[in-house]
Amino acid sequence: MSGAEQPPLFTTITSPSGRLAAFVRFREVAGHVVVTNLEGELVILTRDEFRRFVEGRIEPGEPLYERLRERNMLRAHYDVRRAAEAWRARRFFLDAGPNLHIFVVTLRCNETCVYCHASRAPMDATHTDMTPEIAEKAVDLALRTTSPYVTIEFQGGEPLVNFPVVEHVVRYARERNRRAGKVLEFTMVTNLSCMDEERLRFLLDNRVQICTSVDGPAVLHDRQRKLPGGSAHAVTAQWIERINRAYVEMGLDPSLYHVEALLTTTRETLPLWKEVVDTYVALGCRTIFLRPVDPFGFAQRTSGRVEYPRAEYMAFYRKALDYILELNARGIEIMERYAAIFLTKMLRGQDPNFLDIRSPGGQAIGVLAYNYDGGIYTCDEGRMLHEMGDDTFRIGDVRTARYRDLFRHPTVRAVVLASNLDQNPDCVCCAYQPFCGLPPSHAHKTQGTMFGRPRESTLCYVHKHIQDVLIEKLAQGDATTRAIFERWTTIRPREHFLQS
Ligand code: SF4
């Protein structure tokens, strides 16, 4: 909120005169006021404009009146049909079903990461390998989804460690999909250290999208991700370069097809915002997701080393985003993923279907996680909690589950209700409610309740302040920044990764 020298704004959300404003929510950001309506239309006003709006002192014909009318914010002109269509478009995912199916093909991993969210197992823990029989049952369930789209994502541990099951899943799913007829994709999240030419050939031939983890420059990456006998960063960088070269050799557009990487922001990352962004650019990544560390897995044990106050995270985010915008203005294309998710909702009125930032959330109704032992979870984080001794989000077993019964499970009902921000007492008055989302697994882990208390949630803090940063930048009206933001909201084609 703005400084104390400013007179306070109204706290009510409808016009005192009852004449002008439709139902709106608002929030003061850096001297401006962001106003949103029920269906997620957005307008940024000066304090004076906002005051006149809520006091009903804007006359028809004034530019501001027309601006508000265009945004469906005037009671006298409120277009219910348009609002319903916009609301429906934003919640298109409610007509589908789970499209992301996470296969934890092993817990074994050859790297030891200080924050490992998955609670990796040592390399001799072969009992944590998914068997082909369990994998087939998981594929059968995944292809029963009511969604026309199915993405099977290989996770771990390190999925390359149980590569025979990866190969089996790809072949089996392709075969079974001849009857299921889904738009099928495969992705793999791998540290790349167990990659070899033969495995890469299989992944390329079968159009498996490859994503890896990069924590930043080598000095940071290697301190946090230990690879016995070598530099994890050097190995990862070498394979990123090799895979990107292979895409070019296949005639694919390198701006669309290249290895992307995931960042985990720890305390040691915070002062290195520039080095981290530079590393991503140097590796050829076009996206960087400045995610804070999560409270799952080993990150709980090592929180004294990896955690930080979220105000410090936001200072990091601001500096990194400013630098990313500066690079883009110089023609170096790199997109920050948090910003892109929120901006797509704010500027396009569309939902990019990022499962952790939508309402209701993607847990169960957008994603299912299949553990190596056959356990089915509402989300990957639910599976991570299982490894920490908490089975709250377990909803079945692939050997016995029937698809329909999974969705009648009380936990599924609970996560859908809990992640619906329309019912959350803190969110109903928040201007960012149409764009936001809070995963119940995070609230459950950090606050002991799936429904959560956003005002005390670190995730709410991060979401709110990132949206503040974006609104602040939009309010500044810089044409270059606006053009970069618009570009980040375009959905990039990835036909190559769709199975024929
Ligand atoms: S989670 Fe926080 S930022 Fe998001 S809508 Fe709720 S109160 Fe607003």
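The values are calculated or read from the model by the stated rules, or taken from the named source; none is laboratory data. Because the structure is predicted, anything quoted here is derived from the model rather than measured. Here the Cβ is made from the backbone with ideal geometry for all residues, glycine too, and neighbour counts use every protein chain on show.
Of all residues in the stretch 433-478, those being in a loop (DSSP other than H, G, I, E, B), buried (at least 22 other Cβ atoms within 10 Å of the Cβ), of a type in the set (Gly, Ala, Ser) and at pLDDT 95 or above number 1.
For the stretch 466-480: of the residues being more than 14 Å from Ile357 (Cα to Cα) and within 19 Å of the chain's Cα centre (by Cα), which is nearest to the ligand (Cβ to nearest atom)? Applying the filter and picking the extreme gives Asp468.
A count restricted to the stretch 435-456 and to residues that are more than 18 Å from Gly366 (Cβ to Cβ) and either away from the ligand (no atom under 11 Å from the Cβ) or touching a residue at least 40 places away in the same chain (Cβ under 8 Å) (or both) stands at 6. The conditions of being assigned by TED's automatic domain parsing to the domain that holds Val139, more than 16 Å from the ligand (Cβ to nearest atom) and touching a residue at least 60 places away in the same chain (Cβ under 8 Å) are met by Leu347.
Answer with yes or no whether His258 is of a type outside the set (D, E, K, R) and over 19 Å from Gly157 (Cα atoms). For His258, the condition - of a type outside the set (D, E, K, R) and over 19 Å from Gly157 (Cα atoms) - is met.
Here is a yes/no grid of residues against (1) farther than 19 Å from Asp129 by Cβ; (2) without any contact (Cβ under 8 Å) to a residue 12 or more places away in the chain; (3) charged (D, E, K, R):
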{"position": "Gly156", "(1), (2), (3)": "no, no, no"}
{"position": "Asn177", "(1), (2), (3)": "yes, no, no"}
{"position": "Leu192", "(1), (2), (3)": "yes, no, no"}
{"position": "Glu197", "(1), (2), (3)": "yes, yes, yes"}
{"position": "Gln224", "(1), (2), (3)": "yes, no, no"}
{"position": "Leu227", "(1), (2), (3)": "yes, no, no"}
{"position": "Ile240", "(1), (2), (3)": "yes, no, no"}
